[in-house]
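**Q** Sharing a structure, written as structure tokens. Questions coming.
The values are calculated or read from the model by the stated rules, or taken from the named source; none is laboratory data. The shown structure was predicted, so the numbers you read here are calculated from the model rather than taken from an experiment. So basically every Cβ, Gly included, is an ideal-geometry build from the backbone, and we count neighbours across all protein chains shown. When the accessible area is computed, the model is the full protein with side chains, heavy atoms only, and any ligands, DNA or RNA have been set aside. Shrake-Rupley method; radii C 1.70, N 1.55, O 1.52, S 1.80 Å.
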Amino acid sequence: MVMRLISKLLLAPFLLAGLAWTGPANAQLPRAEPTKADLVIVRKKDRTLELRRDGRVIEAFPIALGPSPAGPKRKEGDGRTPEGVYTLDWRNSNSQFYRAIHVSYPRGDDQLHARRWGVSPGGLIMLHGLPNGVPADRVGHPHVDWTDGCIALTNEEIDEIWAQVEDGTTIIIYP
């Protein structure tokens, strides 16, 4: 019994030293990483683009489309934006527009439809910023549909999307 008491008394300073508060210098705080979107939703009728993560909207932007946005894209030059499920699959930081992210149009069914009608389905549908060197008000952005069928945003907005969306992200384009 006496030996147990002596050993506790001898160990007490070491135990207390290990439990002592060492201050914030040793604290490991989590780092705030920018939230990456896992889905992009475009609503053509509402002229909006949403970035989503785990089903929640993390950011929303007004957009401009082509001159004839109603209905799905059927052929090259129709001024329409495709509708359906696609992938954002590559980027161009040196395009004629300030930054561009490619939409994987045309899919197999888009190509099949175009072949049946004897037309080209078109391509190079992008999310992109403004034309290089042109301010938003000069093209009427976002109140005027000024693209050839792409999805246009301001340069600041495409910068946010560029940072929050990785290649391979799904984009769903609704009517």
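**Q** In whole Å, how far is the Cα centre of the range 124-145 from that of the range 62-110?
**A** The range 124-145 and the range 62-110 have Cα centres separated by 14 Å.
**Q** On a 1.4 Å probe surface of the protein chains, which of ASP167, ASP110, ASP54 comes out largest in accessible area, and what is the full order?
**A** Result, largest first: ASP54, ASP167, ASP110.
**Q** Seen from all sides and averaged, what is the projected area of the convex hull of the Cα atoms in the range 74-145, in nm²?
**A** In nm², the orientation-averaged hull projection of the range 74-145 is 5.4.
**Q** List the residues, sorted by chain then number, that are 5 or more residues from ARG53 or on another chain and whose placed amide H is less than 5 Å from its amide H.
**A** When sequence neighbours closer than 5 places are left aside, the close amide H contacts are ASP38, ILE58.
**Q** To continue, here is another question. With all protein chains present, calculate the accessible area of ARG53 using a 1.4 Å probe and round the result to the nearest 10 Å².
**A** Around 90 Å² of this residue is reachable by solvent.
**Q** Using each residue's phi in the range 102-107, evaluate 6.51 cos²θ - 1.76 cosθ + 1.60 at θ = phi - 60° and report the 3J(HN,Hα) Karplus result to the nearest Hz, with x for Gly and Pro.
**A** Those phi angles translate into 6, 9, 6, 6, x, 7 Hz.
**Q** Please list the three semi-axes, largest first and in whole Å, of the ellipsoid equivalent to the range 52-175, using sqrt of 5 times the eigenvalues of its alpha carbon gyration tensor.
**A** 23, 18, 13
**Q** Got a sec? Which residues in the range 61-88 would a label at VAL144 touch, if it sits 7 Å along Cα→Cβ and we count backbone N under 17 Å?
**A** 63-69
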